[in-house]
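The values are calculated or read from the model by the stated rules, or taken from the named source; none is laboratory data. Quantities reported herein were computed from a predicted structural model and do not represent experimental measurements. Here Cβ is always computed from backbone atoms with ideal geometry, including for glycine, and neighbour counts include all displayed protein chains. Each accessible area value is taken on the protein alone, full model and side chains, heavy atoms only, with ligands, DNA and RNA left out. Shrake-Rupley method; radii C 1.70, N 1.55, O 1.52, S 1.80 Å.
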Amino acid sequence: MTKFVTLQDLYRETALFRRRVWVLVAGVLLLALVLLARLLFLQVLQFDYHSTLSERNRIRLEPLPPNRGLIRDAKGRLLAENRPTHSLSLIKEHIKDPARTLRILNTLLVLSPDEQAQLLNIKRAGGRPFQPIAIHFNLTEVEIARLAVNRYRLPEVVVQADLVRYYPYPELTAHVLGYVGRINEQDVLNIDQANYVGTNHLGKLGLERFYETQLHGEVGYQKVETNARGRELRVLQQIDPIPGEELTLYLDLDMQRVASEAMAGRCGAVVAIELATGGVKAMVSSPSFDGNPFVTGIDSASYRALNESEDRPLFNRVLKGQYPPGSTLKPFVALAGLFYGKTTWQQVISDPGFFQLDGDEHKYRDWKKGGHGSVDLKKAITQSCDIFFYRLANNLGIDKYHDFLQQFGFGLATQIDIGGERLGLLPSRAWKQKRFDQPWYPGETLVVGIGQGYMLVTPMQLAVAVAQLAKKGQPIQPRLVKSMTQLGQHRALPDLPGFASEQNTEKNANDDATANPISLNTTDVSRTAKEEVLAEQAPVRSLVKLNDPEDWTLMFDAMHEVVHGAGGTAKRISKDIAYQMAGKTGTSQVLGIKQDEKYDAKKIAEIHRDHALFVGFAPVENPQIAVVVLVENGGHGGATAAPIAREVLDAYLLQDYAVSPVEPELAH
């Protein structure tokens, strides 16, 4: 059998081997070049980008929210303060199962339905990574201890020490201060998010909202080193926050209490304005409410009870209530008649108890059956004769009536530093044509001439007008805030990583790559405290000039007779008075009465009874303070509203506080 022997071709195999070696070497070199290029790209070209990401994993920039500015009354008493409390917060990045977290927490403390819903949806909440999100406030010591014992079960839970807004005199100040509340999704769209990082609350109403920028302050920062789990290890650098400015008000808490107690729970409003400064010394909307529950989130049942109450405690009657001024408008109508030459102080008319327009059978009746007999202008004001003012309004006409009264601010905003006020209504031909597409009728002029019909005012608006009258036409700008204590000056916030939106991390890292991502601007900020008195604001209206300046003095004398004269409609409040007061009572109809029907309050539901009003100022010889009182469904102004005004004026002029000084309410 023949065997075949294969001979080796060493030359060919050597050549093949060499080719394979070169291919392998080329491949290795190529891969090495790729790796080198990639290394160069990462370590050199993208050094800033990756160093930023690396530092973000190791170092985190955290906000330091500023302390909210305090609010004090004219005598330095705290009206809004910040009290220390503990809150339950969650870090959403550490939550694996929100339902599980909720089950455990429900065994340790009581969460409201709203808080439970917030927890279950916390994964969808915005904000910076690893930033604690407050869920539940005002933890008790027992609750804090329970959470501490169960810390191993709830690594996502953080108990934080916070400062929470507190109002020591809630019922007295709610409609002035308003309140702060939790920042919601709508608020986020309207605030400087960089300056509100770490802040849970902002002003929702009243002064808290109007002066939100000044009260909030400016956020601070601290750079902290963290471990791989995101836990803080140490603070590397810090910029302290600038606290909010402290507000001092013209409001006098003692006068506020006197006015509130004088209202005795009745629905209505009281406003007192200091003539020399325009400062609002008392501003009461009754009934009131407690603003403290709104700070951390009022429960639905309590809010529903407030919102659905027939007395409407949440409604600010001083700024938003629009009422017919009734006879309190008569001094202004009288001045209009004097200015346009439609009446004089010597003119006398006969009052039979009714007035009729030519060719009209309708009788416009006086409040006094049978009339007042012979009446001049002084008596018409002192005894509030409707017939005199029907005639005067008819002679004036709606155009002159509108133009003159507008000078006192009727139908205009007072521009008081709180916001949210309504304008009332000073009717005119143009307004009615636009509103109803109808002409103006002469009978409507008669009705607005006694402060009824379309004519509407807010208590604040009426108070400003009375104050301007007391100053003989000089315009006045009402203000609540007297001064601000500035604890710092404005500074530019550093552009630091971690404070921009982190929805696109790669984009943010690239944007920050050109700057030093870790360096903090540590320039000192001046913190010298100083008291800055608010600059005088430009008056809303110009000076009201009369043809004869003596008419101011004669008007003061007529309004003085309203209180001190034998026939004055408010004479009962002059008993044992220590000063001379000028005033005017008013009664505005809520329910229309038929031509031949007599008004009988006993037969009418209370909600349909007349409103009682009183306006006044004192002392007559040198006016210092003006006051307006409105009692809803209170009947006659001289009987119901005037005594309240007397108590408020006593409190200012005599410092007569009949009861013990105001004490703050204890926290519940």
- prompt: Of E185, E225, which residue is open to solvent by 30 Å² or more (accessible area, probe 1.4 Å), over 17 Å from S87 (Cα atoms), in contact (Cβ under 8 Å) with a residue 40 or more places away in the chain and out of contact with any helix residue (DSSP H, G or I) (no Cβ under 6 Å at 6 or more places or on another chain)?
  reply: E225
- request: Please determine, by comparing only the residues of the stretch 57-74 that are open to solvent by less than 60 Å² (accessible area, probe 1.4 Å) and either of a type in the set (K, R) or over 21 Å from V197 (Cα atoms) (or both), which one is modelled with the lowest pLDDT.
  value: R60
- line: Scanning the stretch 258-278 for residues that are small (G, A, S) and part of a loop (DSSP other than H, G, I, E, B), the one surrounded by the most Cβ atoms within 10 Å (Cβ to Cβ) turns out to be G278
- prompt: Considering the stretch 346-377 alone, what residues qualify as being open to solvent by 60 Å² or more (accessible area, probe 1.4 Å) and either in a helix (DSSP H, G or I) or among the basic types (K, R) (or both)?
  reply: K363, R365, K368, K369
field: Some residue of the stretch 279-299 being among the small types (G, A, S), over 18 Å from the mean Cα position of the chain (by Cα) and surrounded by fewer than 24 Cβ atoms within 10 Å (Cβ to Cβ)
entry: no
Residue in the stretch 474-483 that is more than 30 Å from G565 (Cβ to Cβ), among the charged types (D, E, K, R) and open to solvent by less than 60 Å² (accessible area, probe 1.4 Å) present: yes
For H216: the one exception among (1) in contact (Cβ under 8 Å) with a residue 12 or more places away in the chain; (2) farther than 30 Å from S288 by Cβ: (2)
message: Condition (residue is under 17 Å from the mean Cα position of the chain (by Cα) and within 17 Å of I418 (Cα to Cα)) applied to the stretch 153-173: is it met by at least one residue?
response: yes
- prompt: Right, D311: in a loop (DSSP other than H, G, I, E, B) and under 30 Å from Y167 (Cα atoms) or not?
  reply: yes
task: Kindly list the number of the only condition in (1) touching an Asp or Glu at 6+ places or on another chain (Cβ under 9 Å); (2) closer than 29 Å to H636 by Cα; (3) not in a loop (DSSP other than H, G, I, E, B) that fails for M283.
output: (1)
- prompt: Which residue, of A305, A380, is open to solvent by 30 Å² or more (accessible area, probe 1.4 Å), among the hydrophobic types (A, V, I, L, M, F, W, C) and part of a helix (DSSP H, G or I)?
  reply: A305
field: Residue list for the stretch 569-609, restricted to those being within 17 Å of D366 (Cβ to Cβ), at pLDDT 55 or above and assigned to a loop (DSSP other than H, G, I, E, B)
entry: T569, Q589
task: Please work out which residue is most open to solvent (accessible area, probe 1.4 Å), limiting yourself to the stretch 314-345 and to residues that are assigned to a loop (DSSP other than H, G, I, E, B) and of a type in the set (F, W, Y).
output: Y340
In the stretch 416-450, the residues that are closer than 15 Å to G321 by Cβ and of a type outside the set (D, E, K, R): I416, I418, G420, L423, G424, L425
query: Looking at the stretch 75-113, which of its residues are touching a Gly at 6+ places or on another chain (Cβ under 9 Å) and either loosely packed, with under 13 Cβ neighbours inside 10 Å or under 17 Å from Y152 (Cα atoms) (or both)?
result: I91, K92, E93, H94
- request: Please tell me if M255 is buried (at least 24 other Cβ atoms within 10 Å of the Cβ), assigned to a strand (DSSP E or B) and in contact with a helix residue (DSSP H, G or I) (Cβ under 6 Å, 6 or more places away or on another chain).
  value: no
- request: Please enumerate the residues belonging to the stretch 623-640 that are within 18 Å of L469 (Cβ to Cβ) and at pLDDT 95 or above.
  value: P623, Q624, I625, A626, V627, V628, V629, L630
message: For the stretch 398-427, give me each residue that is in a loop (DSSP other than H, G, I, E, B), open to solvent by less than 20 Å² (accessible area, probe 1.4 Å) and closer than 26 Å to G341 by Cα.
response: F408, G409, F410, L426, P427
message: Name the single residue that is least open to solvent (accessible area, probe 1.4 Å) among those in the stretch 428-449 being closer than 25 Å to L319 by Cβ and touching a residue at least 24 places away in the same chain (Cβ under 8 Å).
response: V448
Considering residues of the stretch 141-155 that are assigned to a helix (DSSP H, G or I) and among the charged types (D, E, K, R) only, the residue surrounded by the most Cβ atoms within 10 Å (Cβ to Cβ): E143
query: Looking at this structure, is Q193 among the polar types (S, T, N, Q), open to solvent by 20 Å² or more (accessible area, probe 1.4 Å) and farther than 30 Å from A463 by Cβ?
result: yes
- line: Subset of the stretch 91-109, residues closer than 18 Å to A148 by Cα, of a type outside the set (K, R) and at pLDDT 85 or above, comes to T101, L102, I104, L105, N106, T107, L108, L109
- prompt: Restricting attention to the stretch 114-137, does a residue exist that is touching a residue at least 40 places away in the same chain (Cβ under 8 Å), of a type outside the set (D, E), part of a helix (DSSP H, G or I) and farther than 27 Å from V481 by Cβ?
  reply: no
